[in-house]
Amino acid sequence: MKVCGFSFVKNAVKFDYPIVEAITSILPVCDKFIVAVGDCNDGSRELIESIDSDKIEIIDTVWDPSLRERGRVLASETNKAFDFIPAEYDWCFYIQGDEVVHEKYLPGIVLSMKKYLHVKAVDGLIMHYTHLYGTFDYYADSRGWYRSEIRIIRNNKEIRSWNDAQGFRWKNAKKLTGVFIDAFMYHYGWVRPPKLMMNKLEGSKQYWSANSKHIKSIKLESEEFKYEEGIDSLQQFTGTHPKVMQPRIDALNWHPKLSTKKKKFNVRYFVLYYFEKLFKYRPFENKHFIQYKES
């Protein structure tokens, strides 16, 4: 079994993406790693080159500014990296520049890849998600945050990154069949200094159409992002973070006044939120995949 990791990045230094932590977190289970580095001059390419591994191969890309509808440029860049993976690799492990895998999950991930390697009905492996928010001590738990996504796919180029690269589908838009594995992806996209968070949100506007829901939901009324105002529900994070994230945790020097008690829902979302908590089920959930049923 051969595994190739892949990712894309642009302006990683400018917007403080933990791309080095992302790559190195799954590098131990990858035989090769493809990184598509977009056109920028902030030192992103040099940052990737600084990773001490001969597994990494960089491809230079140019982002298409016309692909702004639904953030499709992100999927386009993902596909460029995926398409560069040689046919000899069985599984392709995708990770975005603000996602990190805890080292404790790596042995189980390898076992799952081996287990389903020859189960042709399985197109990919599904990972659970923890969306850290504000600081490293809280995570978002409302239905506005996706709970799981396929992050390990077969090396079949009929599979395509979908819309804003959140998930994958077949070229004909049919959903992949995936199986849940015992592993979490930690998403740190909403944990950075408030000023840098605002800069990142401002920068993201160039990759989305002006009328998109994503852009309309971003309020850029101050120089620093107000974490307290930008969230509807939080829970306390009581687990441990990946070791590669420890330097960032040690360097944290901002302290928003966040609360797990405040809930900002309309009546419908209030009912759905507590229904999910009570029954451990999320109704009306929009998933990119079909869950594989073990026989």
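Readers should treat all values here as calculations from the given coordinates under stated rules, not as data from a laboratory. The structure presented is a predicted model; accordingly, all values stated were derived computationally and were not measured. Don't worry about glycine lacking a Cβ; one is built from the backbone with ideal geometry, like all the others, and counts go over all protein chains shown.
Some observations on this one:
- Per DSSP, loop GluC sites (Glu not before Pro) in the stretch 17-124 with at most 10 further Cβ within 10 Å: 88
- Under the Karplus curve 6.51 cos²θ - 1.76 cosθ + 1.60, θ = phi - 60°, whole-Hz ³J(HN,Hα) for the stretch 178-184, x wherever Gly or Pro sits: x, 10, 5, 10, 7, 7, 10
- Cα point-scatterer Debye curve for the stretch 83-237, base-10 log of I(q)/I(0) at q = 0.09, 0.12, 0.17 Å⁻¹: -0.36, -0.62, -1.10
- From least to most packed, judged by other beta carbons within 10 angstrom and beginning with the fewest, 184, 6 follow the order 184, 6.
- Whole-Å semi-axes of the stretch 29-84's equivalent ellipsoid (Cα gyration tensor): 23, 14, 7
- Global form of the stretch 1-150, assessed from the alpha-carbon gyration tensor, a/c cut-off 1.5: rounded
- Karplus (6.51, -1.76, 1.60) ³J(HN,Hα), θ = phi - 60°, over the stretch 238-244, in Hz, Gly and Pro reported as x: 10, x, 10, 8, x, 4, 5
- Here the relative contact order of the stretch 73-157, from alpha carbon pairs under 8 Å that lie six or more residues apart, stands at 40 percent.
- Rounded to the nearest 500, the 222 nm mean residue ellipticity of the chain from helices alone is -6500 deg cm²/dmol, with -39,500 (n - 2.57) taken per DSSP H run of at least 4 residues.
- Other-chain or far-sequence residues with amide H under 5 Å of residue 59's (modelled H): 35, 36, 37
- Across the options 79, 29, 53, the greatest Cα extent toward the positive end of the charge dipole of the chain (unit charges at beta carbon of Lys, Arg, Asp, Glu) belongs to 79.
- Mean Cβ neighbour count within 10 Å, used as a protection proxy, ranking 231-239, 60-68, 145-153 highest first: 145-153, 231-239, 60-68
- Listed residue pairs exceeding 23 Å between alpha carbons, taken from 200/277; 104/175; 120/287; 114/293: 200/277; 104/175
- Links that overshoot a 31 Å alpha carbon limit, given the list 14/243; 32/115; 32/174: none
- Interchain or long-range residues, amide H under 5 Å from residue 13's placed H: 44
- The eigenvalues of the Cα gyration tensor, multiplied by 5 and square-rooted, give the chain an equivalent ellipsoid with semi-axes of 28, 24, 20 Å from largest to smallest.
- Largest mean-square fluctuation among 54, 123, 182, in a Gaussian network model of the chain whose springs join Cα atoms under 10 Å apart, belongs to 54.
- Here the stretch 63-115 is described by how far its Cα atoms reach on the three principal axes: 41, 27, 13 Å, from widest to narrowest.
- For the chain, modelled as a GNM whose springs connect Cα atoms under 10 angstrom apart, the maximal fluctuation among 11, 155, 253 occurs at 253.
- Ordering 162-173, 255-266, 34-45 by mean Cβ neighbour count within 10 Å, with the highest value first, yields 34-45, 162-173, 255-266.
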